[in-house]
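Asks: This is the structure I want to talk about, given as structure tokens.
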Amino acid sequence: MSQNEMDQLRGRLDEVNLEILNLINQRAELVQEIGQIKTKQSMNRFDPVRERSMLDHITEHNDGPFENSTIEHIFKEIFKASLELQIDDNRKALLVSRKKKPEDTVIDIKGTQIGNGTAQYVMGPCSVESYDQVEKVAEAVSKKGVKLFRGGAFKPRTSPYDFQGLGVEGLQILKEAADKYDLAVVSEIVNPVHIEKALDYVDVIQIGARNMQNFELLKAAGDVNKPVLLKRGLSATISEFINAAEYIISRGNENIILCERGIRTYEKATRNTLDISAVPILKKETHLPVMVDVTHSTGRRDILLPAAKAGLAIGADGIMAEVHPDPAVALSDSAQQMDIPMFNTFIDELDKMKNRLEY
Ligand code: PEP
Ligand code: MN
């Protein structure tokens, strides 16, 4: 074969490639149009019966040289890619997605910005037990320049016989101590009917892991104008987590902070498994700030600091951890709360690292 003939064949091959490209893109556009109709009619996008009949139709017309099995394989890939395109379109539509809004959402909590590139801390006791207990932690937290103060007044406990929290009285205690040191209050609400009442006491409504798919609670939090800290469910996928946030934003409240707090795995060395890779994934997929809760993920006081460092290194917008004046007597999470000297070292070490990262 002369070089000339070879060049001609190659030229023709390039043309055919472009024809195929053109045709598969035309096909994708048709699939997208069909997808829109299916959405309107609430029909399932994946339709195996239709796929089977398309494959049969194609192989009936196949005169070779490819075998039918090869042709089926190639077309199945094209079908799959088209379906993924539809799913992608769907994701594009999510209000929390980066595709919808490329810029980072920065949330202002009483003058403290979260999501602006400088990591913040959310520190405080697991539960509000008494004014004295809360006040001691508030003082320590404020001395370290931490502005966001957490504490549980409504505690969603695994056992109904465990301490359930002080309720509204707990919120009052938190606010009083926070006001004394000019801190912002982050506290969990477990019941949609408590949201309105909580607005008087909290600066951030926390929705806990056990309630990540409490859709009525998500909607109620979406209806108010208060930042929401949404924790990842115990066994929620990233997609379920993102959709939970979508419930909130779809009601009008876009001030949402996502919080990775560990997921349930077979591993028993930690209370949960800190899914550190969720942080950059959530930051890529959504425009929302992402925090890491090192207390509930690890459940181990001895590894809070390295876990928090990992959080900072991977780009978290904040670190949450629990602090108690005397963890040994805490009414909840006694094994994993830091005492005040340990908290002081924790913040000093993280601040050193933050300065290096920002430098
Ligand atoms: C909490 O932060 O107080 C808490 C109960 O955490 P989680 O919902 O992540 O278990
Ligand atoms: Mn706790």
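Asks: Looking for whichever is in contact with an Asp or Glu (Cβ under 7 Å, 6 or more places away or on another chain), over 30 Å from residue 346 (Cβ atoms) and not aromatic (Phe, Trp, Tyr) here; the options are 96, 31, 16, 49. Which one fits? Give the steps one after another, and end with the answer.
Replies: Numbers: 31 fails: in contact with an Asp or Glu (Cβ under 7 Å, 6 or more places away or on another chain); 16 fails: in contact with an Asp or Glu (Cβ under 7 Å, 6 or more places away or on another chain); 49 fails: in contact with an Asp or Glu (Cβ under 7 Å, 6 or more places away or on another chain).
Testing whether each residue is in contact with an Asp or Glu (Cβ under 7 Å, 6 or more places away or on another chain), over 30 Å from residue 346 (Cβ atoms) and not aromatic (Phe, Trp, Tyr) leaves just 96.
Okay, residues lined up against (1) within 19 Å of the chain's Cα centre (by Cα); (2) outside any helix (DSSP H, G or I):
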| position | (1), (2) |
| --- | --- |
| 173 | no, no |
| 185 | no, yes |
| 201 | no, yes |
| 217 | yes, no |
| 221 | yes, no |
| 234 | yes, yes |
| 240 | yes, no |
| 246 | yes, no |
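Asks: Let me ask something else about it. Could you tell me which residue of segment 189-201 is most open to solvent (accessible area, probe 1.4 Å), considering only residues that are closer than 16 Å to residue 156 by Cβ and among the hydrophobic types (A, V, I, L, M, F, W, C)?
Replies: If we filter segment 189-201 for residues that are closer than 16 Å to residue 156 by Cβ, which is where we start, we get 189-195, 198.
This time we only want the ones that are among the hydrophobic types (A, V, I, L, M, F, W, C), so: 189-190, 193, 195, 198.
Values: 189: 1, 190: 43, 193: 109, 195: 4, 198: 0 Å².
Among them, the one singled out is 193.
Asks: While we're here: Criterion first (open to solvent by 30 Å² or more (accessible area, probe 1.4 Å), of a type in the set (A, V, I, L, M) and within 12 Å of ligand 1 (Cβ to nearest atom)) does residue 234 satisfy it?
Replies: Numbers: open to solvent by 30 Å² or more (accessible area, probe 1.4 Å): yes; of a type in the set (A, V, I, L, M): yes; within 12 Å of ligand 1 (Cβ to nearest atom): yes.
Against the criterion (open to solvent by 30 Å² or more (accessible area, probe 1.4 Å), of a type in the set (A, V, I, L, M) and within 12 Å of ligand 1 (Cβ to nearest atom)), residue 234 qualifies.
Asks: Next up: Taking into account only those residues within segment 137-184 that are open to solvent by 60 Å² or more (accessible area, probe 1.4 Å) and within 15 Å of residue 330 (Cα to Cα), which is modelled with the lowest pLDDT?
Replies: Here the answer is 157.
Asks: Is segment 238-254 home to any residue that is within 16 Å of ligand 2 (Cβ to nearest atom) and open to solvent by less than 10 Å² (accessible area, probe 1.4 Å)?
Replies: Our first condition is that a residue be within 16 Å of ligand 2 (Cβ to nearest atom); within segment 238-254, this holds for none.
Scanning segment 238-254, I find no residue that is within 16 Å of ligand 2 (Cβ to nearest atom) and open to solvent by less than 10 Å² (accessible area, probe 1.4 Å), so the answer is no.
Asks: Which of the residues that make up segment 93-147 are among the hydroxyl-bearing types (Ser, Thr, Tyr) and without any contact (Cβ under 8 Å) to a residue 60 or more places away in the chain?
Replies: If the condition is that a residue be among the hydroxyl-bearing types (Ser, Thr, Tyr) and without any contact (Cβ under 8 Å) to a residue 60 or more places away in the chain, then 130, 131, 142 are the ones that fit.
Asks: Look at segment 275-306 and say how many of its residues are away from ligand 2 (no atom under 16 Å from the Cβ), closer than 14 Å to residue 260 by Cα and of a type outside the set (S, T, N, Q).
Replies: Total meeting the criteria: 11.
Asks: Sticking with this structure for a sec: Would you confirm, using the coordinates I've provided, whether residue 229 is within 16 Å of ligand 2 (Cβ to nearest atom), in contact (Cβ under 8 Å) with a residue 24 or more places away in the chain and not basic (Lys, Arg)?
Replies: Numbers: within 16 Å of ligand 2 (Cβ to nearest atom): yes; in contact (Cβ under 8 Å) with a residue 24 or more places away in the chain: yes; not basic (Lys, Arg): yes.
Criteria met by residue 229.
Asks: List, please: which pairs have Cβ atoms under 9 Å, are six or more places apart or on different chains, and start with a residue in segment 9-34 that is closer than 19 Å to residue 74 by Cα and end with one that is not small (Gly, Ala, Ser)?
Replies: The qualifying pairs are 24/78; 27/78; 28/78; 28/85; 31/79; 31/83; 31/85; 31/86.
Asks: Applying the selection to segment 255-273, what residues are free of Cβ contacts under 8 Å to residues at least 60 places away in the same chain and open to solvent by 40 Å² or more (accessible area, probe 1.4 Å)?
Replies: Pass one, segment 255-273, residues free of Cβ contacts under 8 Å to residues at least 60 places away in the same chain: 258, 260-270, 272-273.
The answer is 264, 265, 266, 267, 268, 269, 273.
The values are calculated or read from the model by the stated rules, or taken from the named source; none is laboratory data. Because the structure is a prediction, the values reported are computed rather than measured. For neighbour counting, all protein chains shown are included, and Cβ atoms are generated from backbone atoms with ideal geometry for every residue, glycine included. Remember, those area values only see protein heavy atoms, side chains included, never the ligands or the DNA or RNA. Shrake-Rupley method; radii C 1.70, N 1.55, O 1.52, S 1.80 Å.
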